[in-house]
Structure formats: structure tokens, C-alpha cells
Amino acid sequence: MAEGPLVHYYTKQLKRILWGKDVQIEFRIKTLNEKNPLLKNTHIQDVEAYGKQFRIHLSDGHVLLIHLMMWGSWRIYRKGETWDKPIKQSRVIFRTDSHEVVVFSAPVVKLFKLSELQNNPKWGNLGPDPLRSDFSSKTFFRRLEENPSREIGEALLDQRVIAGVGNILRIEILFRSHIYPRRKVSSLSNREKEKLLYWTLLLFKKWMKQMGKRNDWILIYRRNGKPCPECGTSIQFFRQAGRITYACPNCQK
């Protein structure tokens with residue numbers, strides 16, 4: 001699944017091609033096929049990342065929301081270039097004078113009016129995104145503390161608490177913060193919450209800087225049974241919130 005830093009990275013590439021351009025948009029999804037004639041010619045006002053969502057703002061006031069989940073991907077082709085994926089896997093095609101931008105296999109493609117998206121309880125109610133300029137630590141802590149009986153490892157995956165954290169980031173954030181994933185939110189001290197915030201911001205930025213390179217900040221993800229890089233204890237794994245979770249039972253007490 002594309003986590004926040006990867007979405008922001010892709011958004012930069014999309015912005016370079018689409019932002020401010022007149023485009024033709026072709027939907028290859030049954031539920032949106034009727035929109036094809038309406039969006040034959042439109043203007044891209046903005047392309048933004050918010051958590052794991054791509055939000056493409058159109059000149060008619062609509063926002064196209066795309067979520068790649070586990071299977072989706074983007075491709076940018078020069079006009080006339082041969083695609084490396086079959087057209088039957090395409091979900092949306094953006095055509096400019098010079099490029100074709102295609103999203104393949106994305107399970108979530110939705111078209112909202114901006115006001116509809118902002119008020120939508122599932123897609124519009126996101127927590128703060130650590131890579132956006134409007135990130136608010138106060139909002140993060142407030143939303144985190146709204147459910148004090150929740151396990152911290154589960155809370156970090158809730159996009160309404162903090163947007164963009166996926167399985168890799170939450171495992172590494174908790175390891176660096178020396179916080180065991182099954183700890184209740186109510187059990188965290190103020191100092192531990194500050195450490196949580198510090199490592200969240202730092203690891204989001206590290207991933208962005210190392211995009212496409214070896215991610216040396218990933219220390220325990222998928223290292224079940226291997227020695228902890230800090231104390232040598234065997235890394236354990238278990239399921240939490242439906243996801244495989246890794247932790248050091250010694251460092252993360």
C-alpha cells in the first residue's frame with residue numbers, strides 16, 4: 001500500500017505534468033462512464049497529496065479522489081509512447097498536448113464536489129498529514145486522545161488520527177519511540193507522545209529523502225526472529241488491527 005511519503009513523491013511528478021494544464025479525462029470505470037462527456041475538456045487547478053489520497057482539483061469544482069490501496073500505480077507516458085501495461089487495467093486516463101497520465105488498477109476512484117468531500121465521513125475526515133504545511137501536532141494529539149482505550153499500534157493506522165501512516169511507518173515509529181504496539185493510548189506519558197511525534201515527522205522526511213534508494217531507516221520491518229539492532233533480542237511478530245506487526249519485546253516494553 002502506498003504510504004504518505006510515496007503519495008507525496010508521486011504527486012510531485014503528476015503536478016509537473018498536469019498542474020495548470022487543459023486535459024481530456026477518460027474514465028474507464030462503469031460507475032463514472034457517464035461523466036466522460038462532461039470532462040472531455042477540463043482544466044487541472046491543483047494536484048495534492050493528503051495522506052494516502054491523491055486529490056486532483058478540476059476547474060468545474062469537482063475533486064477527483066484516487067487511492068491506490070495495494071494494487072494501484074501511476075504511469076506517465078509521452079504522447080505516442082507505447083504503454084507498458086494493458087489498457088484494460090487502466091482506471092483513469094489524463095491526456096494533455098504532450099503526455100498521457102494513467103492510473104492503473106486503483107480500487108478507489110471517486111468524484112466529489114469539494115464541499116461533499118470535506119463533509120464526507122469516510123474520505124474527507126482525515127487527520128493531519130506530516131508532509132503537508134498545514135500539519136498540526138495539536139490536532140494529532142487531540143484525535144489520538146479521543147479514544148484512550150485504543151492500542152497505539154491500531155490508532156496510528158487510523159487515517160482520521162494521522163494521515164499517511166501505513167504498516168511500515170507505524171512499526172518503525174513505535175520502535176524508535178520505544179513504545180510497545182499494544183500499549184493503550186491512555187498509558188502513554190506526555191514525554192512518550194512527544195517522542196512519537198518526533199519520530200513520525202523525522203521518518204516521513206527520511207523516506208521522502210531516500211525515495212528510490214536503500215531505505216536505511218527501516219530497522220525491524222519484516223525482521224521476525226532476527227536480532228534487534230539496539231539490544232540483540234529476537235524481533236517478534238503478531239497480528240494487530242489485521243496487519244502483521246513487528247516489535248522488540250525488550251526495547252519496546
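Binning the alpha carbon pair distances of segment 4-119 at 5 angstrom intervals from zero yields the distribution 2, 11, 23, 27, 23, 10, 2, 0, 0, expressed in whole percent.
A simple spin-label model places pseudo-atoms 7 Å from Cα toward Cβ; at GLN45 and SER105 they are separated by 3.4 nm.
Among the listed pairs LYS15/LYS206; LYS12/LYS253; LYS226/LYS253; LYS21/LYS88, which are separated by more than 29 Å between their Cα atoms? Don't jump to the answer; show the numbers that get you there.
On the way: LYS15/LYS206 22 Å; LYS12/LYS253 39 Å; LYS226/LYS253 18 Å; LYS21/LYS88 26 Å.
Listed pairs above 29 Å: LYS12/LYS253.
Residue exposure proxy: TRP207, TRP71, TRP19, ordered by other Cβ atoms within 10 angstrom of their Cβ from fewest to most, comes out as TRP71, TRP19, TRP207. What translational diffusion coefficient, to the nearest whole µm²/s, does the chain have by Stokes-Einstein, given a Kirkwood radius computed over alpha-carbon pairs, a temperature of 4 °C and 1.567 mPa s viscosity? Estimated diffusion coefficient is 66 µm²/s. Using just its DSSP H runs of length 4 or more, each adding -39500 (n - 2.57), the chain gives a mean residue ellipticity at 222 nm of -7500 deg cm²/dmol after division by all residues.
Over segment 162-253, the hull volume per residue, using the convex hull of the C-alpha atoms, is 103 Å³.
Under 5 Å from the amide H of HIS99 lie the amide H atoms of LYS79, each residue being 5 or more positions distant or on a separate chain, with H modelled from the backbone and absent for Pro and chain starts.
Highest first, please rank the peptides 226-237, 164-175 by the mean number of other Cβ atoms sitting within 10 Å of their residues. Each step should come with its number before you reach the end.
Numbers: 226-237: 14.3, 164-175: 24.3.
Ranked from most to least packed, the peptides come out as 164-175, 226-237.
Cut-off is 10 Å between beta-carbons; in what order do ARG222, ARG239 appear when sorted fewest neighbours first?
Details: ARG222 13, ARG239 8.
Ranking ARG222, ARG239 by Cβ neighbours within 10 Å, fewest first, gives ARG239, ARG222.
The per residue volume of the convex hull around the alpha-carbon atoms of segment 105-228 is 146 Å³.
Quick note: the coordinates plus some simple rules give every number you see, no bench work behind them. On a predicted model such as this, the values are computed, not experimentally measured, just so you know. Neighbour counts run over all protein chains shown; Cβ positions are idealised from the backbone, glycine included.
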